[in-house]
Amino acid sequence: MMPYAQKTGRLVWRFALVGVIPITVSVCAAQAPPIRDSPRAERSIQAHRLGITAARFAPSGKLISTSSLDGTVCVWQVPSLARQWCGSHGAEVYSIRWSADGRTLASTGGDARVVQWQSSQGRRVHTTRLPHRALTVLWAGDSLIVAPTVQGEVVFISPVNGAARTAWTLDKEVLAAAVSPDGEWIATSVPLELHRLANGQSRRRIPAFGQGALAFHPAARSLAVAEWVAGARIVELGDSISTSGLRLPKVMEFAGLRSDTATVNMPSTDVVYVPNGSRLAVAGTDGGVWLWNLDQGGRAGATAHTWQAHRGTTTAVDISSDAQWVLSAGLDRQLRLWRMP
């Protein structure tokens, strides 16, 4: 998740120099032109007063959670998008996540707090103060909430009583993070690194950045990365690490570090695997949703399905557990439900 500006509802683009980092740039094979779909949203609602920052299906696929710059979190029914409940987190909300059993939601925002919600009725269960604000909140199963902060503290929170402790600290600002399916590893950016969740050891730096969002493949064989300057990327996690780019053909120019310019892929904001690992969805700052088929090794095919989903940035995308639905949300305040192409 990226930092947002509350008053304008626009992304705050932030680029940080983190020492001198040796980065290997992989050359991507040419991809076929995307398949331009024009699906009609099955349901579309204005879900919040200001831009939506995150949206996720519940593990059951029967509910959707959203968070917003207006400081609220909400839960919606599938497929009607009827509102089940909304609650006030307090400040602008950056991230919201379901526990593995779907009974609890955790949200984090600009007030440097993590709030736990009882998911069916929206009752606050616990509120935990963090040492600094966190742009993302994660679950490791049902037994641990993880909130890496903008000052690098990796904070562990108990779902039982809301008690927090700083497990270990990174020497960087954490913009995005993901926990592996087995709960052993955490990937953090920027730059992109892999650590043992329990103690922060076994650090492994990866030639990618991932300022937008990160997602582990369900079999943990790869890591999907949403980047501000390279579209999206799949990092294959083996004895040796290799990366391949997912090219979003629309490009933009930005000023370089030495007054030059560079042409880059349109940035992406969110990435998510379908639960069986056969597809990968990407949300784009061009308002689009991109969908790749993956082979058994988790590698993307040459062609992507894509369609225009929002006016302005698509901030969130997710796929239901039965792979029948794709949801998208954006800074245009819209929550939309699509049939899987």
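The values are calculated or read from the model by the stated rules, or taken from the named source; none is laboratory data. On a predicted model such as this, the values are computed, not experimentally measured, just so you know. Neighbour counts run over all protein chains shown; Cβ positions are idealised from the backbone, glycine included. Just so you know, the surface numbers come from the protein's heavy atoms only, side chains and all, with ligands and any DNA or RNA stripped out. Shrake-Rupley method; radii C 1.70, N 1.55, O 1.52, S 1.80 Å.
Yes/no per residue for (1) in a strand (DSSP E or B); (2) farther than 19 Å from Thr315 by Cα:
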position: Ser60; (1), (2): no, yes
position: Ser65; (1), (2): yes, no
position: Cys86; (1), (2): yes, yes
position: Ser95; (1), (2): yes, no
position: Ala100; (1), (2): no, yes
- Of (1) at pLDDT 95 or above; (2) surrounded by 20 or more Cβ atoms within 10 Å (Cβ to Cβ); (3) aliphatic (A, V, I, L, M), Leu192 satisfies every one except (1)
- Task: Could you run through segment 109-143 and say how many residues are in contact with a Phe, Trp or Tyr (Cβ under 6 Å, 6 or more places away or on another chain) and closer than 27 Å to Glu184 by Cβ?
- Result: 1
- Message: Here are the criteria: (1) assigned to a strand (DSSP E or B); (2) open to solvent by less than 20 Å² (accessible area, probe 1.4 Å). Tell me which single one His126 does not satisfy.
- Response: (2)
- Here the residues within segment 134-158 that are at pLDDT 95 or above, farther than 24 Å from Trp228 by Cα and part of a loop (DSSP other than H, G, I, E, B) are Ser158
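Can you pull out the residues in segment 294-317 that are among the basic types (Lys, Arg) and within 27 Å of Ser44 (Cα to Cα)?
Let us first name the residues in segment 294-317 that are among the basic types (Lys, Arg), namely 299, 311.
Correct list: Arg311 only.
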- Is there a residue in segment 69-90 that is under 17 Å from Gly287 (Cα atoms) and either at pLDDT 95 or above or not acidic (Asp, Glu) (or both)? no
- Task: All but one of (1) assigned to a loop (DSSP other than H, G, I, E, B); (2) surrounded by fewer than 22 Cβ atoms within 10 Å (Cβ to Cβ); (3) in contact with a Pro (Cβ under 9 Å, 6 or more places away or on another chain) hold for Asn161, so report the exception by its number.
- Result: (3)
- Item | Any chance Ala32 is of a type in the set (A, V, I, L, M, F, W, C), under 30 Å from Ser240 (Cβ atoms) and at pLDDT 50 or above | yes
- Query: Right, Glu227: crowded, with 21+ Cβ neighbours inside 10 Å and of a type in the set (D, E, K, R) or not?
  - Reply: yes
- Query: When both residues are 6+ apart or on different chains and their Cβ atoms are under 6 Å apart, which pairs have a first residue that lies in segment 322-341 and is open to solvent by 10 Å² or more (accessible area, probe 1.4 Å), and a second that is basic (Lys, Arg)?
  - Reply: Asp332/Arg311
